[in-house]
Amino acid sequence: MTAKSMEELTSLCKRRGFIFQSSEAYGGMQGIYDFGPLGVELKNNLKTAWWQSMVYERDDVEGLDAAILTPQKVLHYSGHEETFSDPLVDCRNCKKRSRADHIIDGKCPYCGSTELTDPRPFNLMFKTNVGPVEDEESFAYLRPETAQHIFTNFKNVVDSTSRTVPFGIAQIGKSFRNEITPRNFIFRVREFEIMELEYFVKPGTDEDWHQTWVDLRLDWWERQGVSRNAIQLHNVPKDDLAHYSKATLDLMYRFPHGMDELEGIANRTDFDLGSHTKHQSKLGLTADVKSNRDSTVRLAIQDLSTNQWFVPFVIEPSAGVERAILAVLNEAYEIERLENGAERTLLRLPPHLAPIKVAVMPLKRNHEQIVSVARETVKKLQFLGLGRITLENTGNIGKSYRKHDEAGTPMCVTVDFQTLEDDTVTIRDRDSMDQIRLPRTELSAHVTEAIRM
Ligand code: GAP
């Protein structure tokens, strides 16, 4: 089951501390959100799951964490200055701006007036100045994607790791787009994170690799609780392709607001490495990138079987963290009708994504011995390194179960009077609500087995 509306999810996110409107106390900032105590855990777990599959489970991918501030020249030569824009119209009546593709029947979506300007391109990149002087020389951009610094670090990574194709560079990080109409909660925002892999391959093998990465990514989504049935593949029409792409396959997911893009998997060809190489050639740094291995900037690579130099093609699976969180939460969301007619709201999150792994509950909040054993149990579990383990000392077990069902906590452990006699605890499963009793000595192994990816 999924949420019936975005409001259901938004309300759960606020109530339980997943996601808050940023600067809410000052009226909020449109298209900017903060992740609360549960949100930051979910986000970290999701990024770890991506890194695990992209870097740790492979032998052919290196990681990178590059800067957000990006010199103007990088985004000039990448083509973003020229093309990374949305067509915009101004309403002469109410003075509001809208995206041209949001205009229906030639009317302003805010006031209905037909007094609109012709569409003009509006660049989505945020500008800033680096250093104390604000002039054309010092201006830089906040990166709109993480990919460009993967390309500008290509030579550094190849030189320091002796990689040859096929191999990839993975990066997760903040990206910024001055979206004209941020909307649908965290679906379209102005500050977000992207999980991106640039996978470098020999030209000619690119189309096979493109298909391979589509399959791998679908498997990954399944492991995060987003089943294959929930995703549709969309072959982006030629006219809608980004300026760098030869072909893009979008993974479309049924969000509460409708079917929309979750991840894009693009064949970027040799566009980016090629255009940064051309720029360096102009500066005389790479007179001949195809033969000069020691040139200052080398964005080509050598085929060790033929000794030929070539600029690799790039396959790029690129997924937004916020959209991933929205999809994962939506898939996990359920309102279950219980036998007694009551309802419970729960998040059936895969255990490795759950923000809190185990909540330990003393049956009596003021019973010194019971609370002390509960605290000791928490400490022991915390040192397993599985993530957050919390003490829930409200004394109201039923209420605590409801709270942790909504938080997606897979297991609740209760310490009661019997524990003081035989050192056993009750473990209650979130999904089935079944309870088992286990010796405390077996708890660590049980929890580890249940939580590991
Ligand atoms: N480097 C390729 C690239 O940036 P993109 O399709 O523009 O491609 C990649 O963005 C992913 O980032 C999208 O599939 C989406 O998940 C996410 N994304 C893009 N714009 C976003 C926004 N304004 N808010 C939230 N996520 C966004």
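The values are calculated or read from the model by the stated rules, or taken from the named source; none is laboratory data. Model, not experiment: these values are computed from the prediction. So basically every Cβ, Gly included, is an ideal-geometry build from the backbone, and we count neighbours across all protein chains shown. Surface areas here come from the heavy atoms of the whole protein model, side chains and all, with no ligands, DNA or RNA. Shrake-Rupley method; radii C 1.70, N 1.55, O 1.52, S 1.80 Å.
Name the shape class, rounded, prolate or oblate, that the alpha-carbon gyration tensor gives for the stretch 1-152, where a ≥ b ≥ c are the square roots of its eigenvalues, rounded holds for a/c under 1.5, and otherwise prolate holds if a/b is larger than b/c and oblate otherwise.
Details: a/c = 1.89, a/b = 1.15, b/c = 1.63.
Oblate is the answer for the stretch 1-152, as a/c is 1.5 or above yet b/c matches or exceeds a/b.
Just flag the trypsin sites (Lys or Arg not before Pro) in the stretch 65-165 sitting in loop per DSSP whose Cβ has no more than 15 other Cβ atoms within 10 Å.
Details: sites: LYS73, ARG92, LYS95, LYS96, ARG97, ARG99, LYS107, LYS127, LYS155, ARG163; in loops: ARG92, LYS95, LYS96, ARG163.
Within the stretch 65-165, the qualifying trypsin sites (Lys or Arg not before Pro) (loop, at most 15 other Cβ atoms within 10 Å) are ARG92, LYS95, LYS96.
Mind scanning LYS73/LYS107; LYS4/LYS403; LYS43/LYS107; LYS4/LYS238 and naming the pairs with a C-alpha gap bigger than 31 Å? Provide the component values of the computation, followed by the final result.
Details: LYS73/LYS107 38 Å; LYS4/LYS403 20 Å; LYS43/LYS107 39 Å; LYS4/LYS238 34 Å.
The answer is LYS73/LYS107; LYS43/LYS107; LYS4/LYS238.
Could you give the dipole magnitude of the stretch 104-225 about its Cα centre, charging the beta-carbon of Lys and Arg +1 and that of Asp and Glu -1, in debye to the nearest 20? Please report the intermediate quantities before stating the final value.
Working: 14 positive and 20 negative charges, 54 e Å.
That gives the stretch 104-225 a dipole magnitude of about 260 debye.
Of ARG375, ARG437, which has the most accessible area and how do the rest follow, probe 1.4 Å? Present the calculation step by step, with values, prior to reporting the outcome.
Values: ARG375 135, ARG437 80 Å².
So, going from the largest accessible area down, we get ARG375, ARG437.
Which value, in debye to the nearest 20, describes the size of the charge dipole of the stretch 58-163 about its Cα centre when Lys and Arg Cβ atoms bear +1, Asp and Glu Cβ atoms bear -1, and nothing else is charged? Don't skip to the end; give the middle numbers.
Working: 13 positive and 18 negative charges, 82 e Å.
It comes to approximately 400 debye.
Taking only Cα atoms, what is the 0 to 90° angle, nearest 10, from helix 37-51's long axis to the longest principal axis of the chain?
Approximately 60 degrees, to the nearest 10.
Could you check what % of the DSSP bridge pairs in the stretch 303-453 are antiparallel, to the nearest 5? Present the calculation step by step, with values, prior to reporting the outcome.
On the way: 14 of 23 bridges.
The antiparallel proportion sits near 60 percent.
To the nearest 0.05, how large is the calculated FRET efficiency for GLU368 and ARG183 if R₀ is 45 Å and r is the Cβ-Cβ distance?
Details: r = 53 Å, r/R0 = 1.17.
Step by step, r from the Cβ atoms, then E = 0.30.
With every protein chain present, what is the per residue accessible area of the chain (1.4 Å probe, Å²)? Write out the running numbers ahead of the final one.
Numbers: 21510 Å² over 453 residues.
Per-residue accessible area for the chain comes out at 47 Å².
Got a sec? Charge dipole of the stretch 1-154, +1 on Cβ for Lys and Arg, -1 for Asp and Glu; which of ASN123, ASN45, CYS91 is way out at the positive end?
CYS91
Helix 321-332 sits at what angle to the longest principal axis of the chain, using alpha carbons and giving 0 to 90 degrees rounded to 10?
Orientation of helix 321-332: about 40 degrees from the principal axis.
Filter the cross-link list LYS155/LYS246; LYS47/LYS96; LYS95/LYS278 down to pairs whose alpha-carbon distance in this structure exceeds 31 Å.
Numbers: LYS155/LYS246 24 Å; LYS47/LYS96 37 Å; LYS95/LYS278 42 Å.
Checking Cα-Cα distances, LYS47/LYS96; LYS95/LYS278 exceed 31 Å.
First measure r as the distance between the Cβ atoms of ALA342 and ARG223, then evaluate 1/(1 + (r/R0)^6) with R0 = 45 Å and state the FRET efficiency to the nearest 0.05. Mind showing how you got there, number by number?
Working: r = 32 Å, r/R0 = 0.72.
The computed FRET efficiency comes out at 0.90.
How much mean residue ellipticity at 222 nm does the chain get from its helices, if each DSSP H run of length 4 or more adds -39500 (n - 2.57) and you divide by all residues, to the nearest 500 deg cm²/dmol? Present the calculation step by step, with values, prior to reporting the outcome.
Numbers: 13 runs with 133 residues, N = 453.
The helix contribution divided over the chain gives -8500 deg cm²/dmol.
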